[in-house]
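Since every read-out is calculated from the coordinates, none of them should be taken as a lab result. This structure is a prediction, so every number in the text was calculated from the model and none was measured. Note that we place each Cβ from the backbone using ideal geometry, even for glycine, and neighbour counts take in every protein chain shown.
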Amino acid sequence: MDVRYINPFINATKEILHSLTSYECKPGRAFVKTNDVALGDVTGIIGITGVVNGTIAVTFDEKSILTIVSMMFDEQFTKVDEEIIDAVGELTNMVSGHAINELVQLGFNFNISVPTVIAGKNHSVTHHTGGPKVAIPFSIADGKFTIEVSFDK
């Protein structure tokens with residue numbers, strides 16, 4: 001997969017999280033994910049169309065998303081509920097939109113769909129693409145989350 005398609009999602013994730021929470025999130029080493037089992041408890045997923053089609057998924061463990069949303073709204077959240085699910089959809093939309101803007105500036109033409117959110121332990125995240133699923137783990141002080149990017153070949 002072309003790294004020019006991946007780096008904007010890393011940049012967007014760092015910038016969006018920092019602007020909303022003041023957290024510095026650190027990306028780990030990217031790897032190719034070989035199954036559909038989510039790496040967290042709540043996942044936002046968005047379809048991407050354009051020069052190539054693809055998907056992005058943002059999967060949070062429970063601890064990280066509760067911390068992030070608590071920071072965003074300056075209110076303590078203690079369980080994954082509808083507000084958390086809505087926030088995951090909005091975070092996924094913001095990261096994707098920011099990354100797509102960077103890709104457009106590089107000369108690529110993309111559009112994004114409305115996010116879908118899946119919650120629950122060991123849920124599946126299916127990328128309906130023909131390409132690899134590149135996963136980038138991130139860590140914050142209170143948890144971890146993963147961005148998955150997959151584009152058609």
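Normalised by the number of residues in the stretch 1-104, what is the relative contact order in percent for Cα pairs under 8 Å and 6+ residues apart?
Details: 99 pairs, mean separation 34.2, N = 104.
Computed value for the stretch 1-104: 33 percent relative contact order.
Computed extension length for Thr49-Ser139: 29.5 nm, one decimal, from 0.36 nm per residue of separation with the Cα-Cα distance subtracted.
Relative to the longest principal axis of the Cα atoms of the chain, the long axis of helix 3-21 makes an angle of roughly 20 degrees.
Determine, for the chain, the count of lysine pairs separated by eight or more sequence positions (or lying on different chains) whose alpha-carbon distance falls under 12 Å. Each step should come with its number before you reach the end.
Values: Lys14/Lys26; Lys26/Lys144; Lys33/Lys133; Lys63/Lys79; Lys63/Lys144; Lys133/Lys153.
Counting lysine pairs in the chain gives 6.
So, counting K/R as plus one and D/E as minus one, what does the shell of residues with Cβ under 10 Å around Lys14 add up to?
Values: positive: Lys26; negative: Glu15, Glu24.
Net charge around Lys14: -1.
For the chain, taking Cα atoms only, Rg and Dmax work out to 14.3, 43 Å respectively.
Can you compute the helix-only [θ] at 222 nm over the chain? Use -39500 (n - 2.57) per DSSP H run of at least 4 residues, normalise by all residues, nearest 500 deg cm²/dmol.
Numbers: 3 runs with 55 residues, N = 153.
Rounded to the nearest 500, the figure is -12000 deg cm²/dmol.
Taking a quarter of the surface of the Cα convex hull of the stretch 97-153 gives a mean projected area of 5.5 nm².
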